[in-house]
């Protein structure tokens, strides 16, 4: 009986929302979606990811480099941090300095 209970508990834990394996194609698609959403949210010109996104359970975090697109600071280099919500598929950005 204990073995059955342990097996049932193991099966429950395994299927309880822990990270699921994804194919390399799925990860590439996700990375492209994050980069596109973050670039759009940043409003920067010539925006590029500074590296791969850091993946968390509910979010992806990405650093962006680009240039201010308009106004008195137009063309000035800018770095932004982006947080992409995996559930809502929306990106939020904030300027960062010294990263």
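The values are calculated or read from the model by the stated rules, or taken from the named source; none is laboratory data. Please read these numbers as outputs of a predicted model, since none were measured by experiment. Don't worry about glycine lacking a Cβ; one is built from the backbone with ideal geometry, like all the others, and counts go over all protein chains shown.
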Query raised in the report: For the range 66-88, what are the residues that are at positive phi and exposed (fewer than 10 other Cβ atoms within 10 Å of the Cβ)?
Result: 71
**Report entry** Residue list for the range 28-53, filter: in a helix (DSSP H, G or I) and either within 13 Å of residue 66 (Cα to Cα) or modelled with pLDDT under 95 (or both)
**Finding:** 35, 38, 39, 40, 41, 42
Query raised in the report: Since residue 91 meets every condition but one in (1) buried (at least 20 other Cβ atoms within 10 Å of the Cβ); (2) modelled with pLDDT under 95, which condition does it not meet?
Result: (2)
